[in-house]
Amino acid sequence: MHYHSVRLSGPKEYLTLLKTGEERIFSYHNDEFNQVYHVLMFTEIRFSSVKGNFSLYATISSTDRSNWQREFVISSPVEPKDLEKMKGTVQIEVFLPDDKRIFRIDSRKNQLLQKAIACMR
């Protein structure tokens, strides 16, 4: 199992890449939401990349908002071709029901993302 996280905005909002066997999973995590989101059937995560723009569609969510677990997570399988495009990411947009989160990927974040992608092969 390989697991890497890349901070997007502060310590409580980040993405992860996970590989177990041949399966690769991309996840968006946010521990700061003040409300419960009921995720639609598909939630779009759009990548703007110098290697080609693409979207992932999250189909799994964790919205347990009890006192012990305040994390919001959406996940999507990711293909090797998407990982290749992800290497040139300059912006990530997460389209939530009542919000759109936009993250600019600077050179430091891109280096962390590249390192995580390298472990997904």
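Here are the numbers:
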item	result
Inter-site label distance for ASP98 and ASN110 at 7 Å from Cα along Cβ, in nm	3.6 nm
Mean Cβ count within 10 Å, highest first, over the residues of peptides 25-32, 80-87	25-32, 80-87
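Bear in mind these aren't lab numbers, they're just calculated from the coordinates by the rules spelled out. The structure presented is a predicted model; accordingly, all values stated were derived computationally and were not measured. Note: ideal-geometry Cβ built from the backbone for every residue, glycine included; neighbour counts use all protein chains shown.
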